[in-house]
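Below is one structure, written out as structure tokens; the observations come after it.
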Amino acid sequence: MCQNINHQIMKILRSEEVGLYARSNHKPIQYQEFVKYPKVRQRYWARNFVGWPRFSAVQPNATHLAIRELEKMGKVTSIVTQNVDRLHQKAGSENVIELHGSGYIVKCLKCPYEISREELQVQLLKNNSYMESNFTMIRPDGDVELPREQVDKFRSPLCPKCEGPLKPDIVFFGDNVPKQRVDQVRSAVSSSDAVFVLGSSLTVYSSYRIILQARDEHKNIALLNIGPTRADDIIQIKVSTKCGDILPELCNSLKKNLS
């Protein structure tokens, strides 16, 4: 697959974390509910506040580091990720397109104000110092389970400029990926020789349409994922295994061939 051509790697790594969703009845936050209802925002921010220290402390794994090596070798020209954890940036990758935004930026819904999630955490801690941080599971978006009484006491953040509600710069369910980002991804696909999908079933259309574009532009498409995907019938190569089991080995093999 990765011979003497550059590749855009579209990385939507959720396979290793999918159990966190599958083992619970967790329902992802809905954009319209977050915008309309203060109680929904209160619940979101309370749980996100408690989960943030562990979420932000997570470090890149072998897959992120392997992708960075492929980038340095000129085999990866763009990385498109659905994740909001910035682990690719922590691994040192440079050309990363965050398809669904980032949990590290928070914006006001009514004015241009924005703040880093780290800075907001300091403010939230001052206003909610009584909050406990006992939890057993954290989801890929930083969400944790909390008792109702803790949620009800939580003081949600407000914009210091206009007192509007604050929202992480994440595309919630029911919201749209910003057009500028869609155009950026489309351009990256067109300028690449191939697309390599890692750890995604491509269920969400925002990722699946990238594969449709690649197919229409006659790009080579390879997919590394456990289980069936939405694009199994239109790709050239499929490997059913964990990313961490094969990608570092592929990276090391390419290094040897180039040396």
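The values are calculated or read from the model by the stated rules, or taken from the named source; none is laboratory data. Computed from a predicted structure; not experimentally measured. Positions of Cβ are backbone-derived with ideal geometry, glycine not excepted, and every protein chain shown enters the neighbour counts.
Some notes on this structure:
- Within region 156-202, if we keep just the residues that are among the basic types (K, R) and touching a residue at least 12 places away in the same chain (Cβ under 8 Å), the residue that is farthest from V76 (Cα to Cα) turns out to be K161.
- Checking C111 against (1) closer than 27 Å to D232 by Cβ; (2) at pLDDT 95 or above, the condition it does not meet: (1)
- Meets criteria (within 30 Å of A62 (Cβ to Cβ) and in a strand (DSSP E or B)) for V195: yes
- Filtering I235, I170, I211 for residues that are buried (at least 17 other Cβ atoms within 10 Å of the Cβ), of a type outside the set (G, A, S) and at pLDDT below 95 leaves a single hit, I235.
- Here H7 meets the list (1) within 19 Å of V197 (Cβ to Cβ); (2) at pLDDT 95 or above; (3) touching a strand residue (DSSP E or B) at 6+ places or on another chain (Cβ under 7 Å); (4) of a type outside the set (K, R) almost entirely, failing just condition (2).
- Matching residues in region 173-192 - criterion: being surrounded by 13 or more Cβ atoms within 10 Å (Cβ to Cβ) and in a helix (DSSP H, G or I): R181, V182, Q184, V185, R186, A188, V189
- Single unsatisfied condition, C162 versus (1) modelled with pLDDT under 95; (2) assigned to a loop (DSSP other than H, G, I, E, B); (3) hydrophobic (A, V, I, L, M, F, W, C); (4) more than 23 Å from N95 (Cα to Cα): (1)
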